[in-house]
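To start, the structure itself, in structure tokens.
The values are calculated or read from the model by the stated rules, or taken from the named source; none is laboratory data. On a predicted model such as this, the values are computed, not experimentally measured, just so you know. Note: ideal-geometry Cβ built from the backbone for every residue, glycine included; neighbour counts use all protein chains shown.
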Amino acid sequence: MMPNDRRRRGRASRGGPSRGLSVGLVGIVLILLAAVAWGPMASSSASSQAPGASSAAAAAPSGSPAPAASSPGPAGAPPQSSGPSASATPDPSVVAERLQRELDAVRAKLSIPGVSVAIIWDDGRTWTGASGVRNVATGDPMTTGTAFALASISKTFTAAVVLQLVEEGRLTLDQSVAPLLPKFKLDRRITVRMLLDHTSGLPDFFYGKGIDAALRGAKGATWTPLRSWSYVPTPHATPGKSWYYSNTNYLLLGELVTAVTGRPLATEIRTRLLDPLGLSTAYYQAVEKPREAGTLAYQLIPKSGGGWTPRLVAPASDVIPFRSVVTAAAGAGSMAATALDTARWMRAWAGGAVLDASMQAQMLGDVARTVKLHARIPYGLGIQRVTLNGYTALGHSGRYLGIQNVVRYLPDAGITIAVLTNQSVWDPTRIASALLKLLVPTLSPSPSPSGPASPSTVPALSAP
């Protein structure tokens, strides 16, 4: 069913489009990607240039794309923040050079194969950068137009569709899910809200016995939700009494969308979110065709003398990193996009251009509920709230074997940053923190992102 007239009116009243994985499978690691482009975004512009466009410039670091003009996002961007704006920064070309130099340095220090970054200011400026390679064997460089699996960042898209259905009166946050999904035989105490904020008590199927071997033993296989569900461990916790990040919740939310609308989740995401917001490079993997050339994914293997050696996770295909794990994740991790569209999405989702004001308040307000339940990462209705360089940061992180990403919107700084990498050892927050230090003053000590993840404890789709 197409979006109804009420939501169309809501979008128009905001002056623009209304209505944005990290999970685990044992032994899955990523590689970072990078390229560079900079330029002011005229808020009135109606056209856009493909991400990754670049021009020669002597100031560009060796082996990296040079700074180039970048186009604005879709018309009707979210309202501007009162935080610091890009207009207060030095000459854009100087800022671009500093950002690219820092990106190259951090990537090299961590031995990340490739990384792609996008930064958007509330006043319309953008910077995109890439470093390293997307194909180690051929040396094919990473570009700002390279697509990545978004992994658990995909949960924000699934949550957006569900919350729109709540706005439309087709669901309520506190209704039981069991009657709508009878084939899963759910505890009737589990509600829509509990799935959205990870308080359902359902364990993560990616930690189920034998799933790692099954996924990696047939990487080209297509999984069904019921097959994924069969790996959910037992016992289950009491619904609503604890917080536990679980991909099972968003697997079920994807099925809930289909039960309510009669259409696949991919179709609802496309018609409600991607097309209205002009996210032309974003797509639902294994259902839609790739919109941009994608990166390969790499495990980083420790060298005996120090350092890391990249090992290819799977041959190139139309699904990143490989079909079995993405289709098993379904609504928990099926989206792919470039860094720029990932940042544009999070600016819309976290910034209030996707939901009505009252629903936006509930989405963010639910963080208080999960904090009381001792959530490892404060979590609302499909969104994380953390601190980055002293600023409140809204967004999500995501990880697959050979892929690890993070996207954050800092309302008080007026900045959104997306960092996508093609490895799964290093937390890309390291890169986001380093780049933000060049743009806004750090309000408190920088975060201390985790060191290398142990391959023995990190599932294919890792938690936040």
Self-check item: Filter result (hydroxyl-bearing (Ser, Thr, Tyr) and surrounded by 24 or more Cβ atoms within 10 Å (Cβ to Cβ)) within segment 144-173
Solution: THR144, THR146, SER152, SER154, THR156, THR158
Self-check item: Sole residue being under 24 Å from GLN384 (Cβ atoms) and part of a strand (DSSP E or B), chosen from ALA348, ALA336
Solution: ALA336
Self-check item: Number of the exception - GLY124 against (1) at pLDDT 95 or above; (2) surrounded by fewer than 24 Cβ atoms within 10 Å (Cβ to Cβ)
Solution: (1)
Quiz item: Residues in segment 150-164: is at least one of a type in the set (A, V, I, L, M, F, W, C), in contact with a Ser or Thr (Cβ under 6 Å, 6 or more places away or on another chain) and not in a helix (DSSP H, G or I)?
Solution: no
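Residue-wise test of (1) in contact with a His (Cβ under 8 Å, 6 or more places away or on another chain); (2) at pLDDT below 95; (3) within 25 Å of ALA332 (Cα to Cα).
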position	(1), (2), (3)
LEU99	no, no, no
LEU110	no, no, no
ALA137	no, no, no
ALA159	no, no, yes
GLU167	no, no, yes
SER176	no, no, yes
PHE184	no, no, yes
VAL192	no, no, yes
LEU202	yes, no, yes
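For (1) modelled with pLDDT under 95; (2) within 21 Å of LEU252 (Cα to Cα); (3) in contact with a helix residue (DSSP H, G or I) (Cβ under 6 Å, 6 or more places away or on another chain), each residue gets a yes or a no:
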site	(1), (2), (3)
GLY278	no, no, no
TYR283	no, yes, no
ALA293	no, no, no
GLY305	yes, no, no
THR309	no, no, no
ARG323	no, yes, no
Quiz item: Quick check: anything in segment 238-254 at pLDDT 95 or above, assigned to a loop (DSSP other than H, G, I, E, B), touching a Gly at 6+ places or on another chain (Cβ under 6 Å) and farther than 30 Å from ASN135 by Cβ?
Solution: yes
Self-check item: Residue, nearest to THR143 (Cα to Cα), within segment 413-464, restricted to residues that are at pLDDT below 85 and either part of a strand (DSSP E or B) or β-branched (Val, Ile, Thr) (or both)
Solution: SER462
Quiz prompt | Unique residue being over 18 Å from PHE184 (Cβ atoms) and buried (at least 21 other Cβ atoms within 10 Å of the Cβ) when the list is ILE301, ILE269 | solution = ILE269
Practice problem: Looking at (1) closer than 18 Å to ALA259 by Cα; (2) more than 25 Å from the chain's Cα centre (by Cα), find the lone condition where ARG193 falls short. | Solution: (2)
Practice problem: For GLU292, state whether it is surrounded by fewer than 22 Cβ atoms within 10 Å (Cβ to Cβ) and touching a Gly at 6+ places or on another chain (Cβ under 7 Å). | Solution: yes
Quiz item: Only one of these conditions is not met by VAL287: (1) in a loop (DSSP other than H, G, I, E, B); (2) buried (at least 23 other Cβ atoms within 10 Å of the Cβ); (3) not polar (S, T, N, Q). Which number is it?
Solution: (2)
Self-check item: Residue list for segment 348-405, filter: surrounded by fewer than 18 Cβ atoms within 10 Å (Cβ to Cβ), over 25 Å from PRO239 (Cα atoms) and not β-branched (Val, Ile, Thr)
Solution: ALA357, SER358
Practice problem: Determine if segment 203-218 includes at least one residue that is crowded, with 17+ Cβ neighbours inside 10 Å, in a helix (DSSP H, G or I), among the aliphatic types (A, V, I, L, M) and touching a Leu at 6+ places or on another chain (Cβ under 8 Å). | Solution: yes
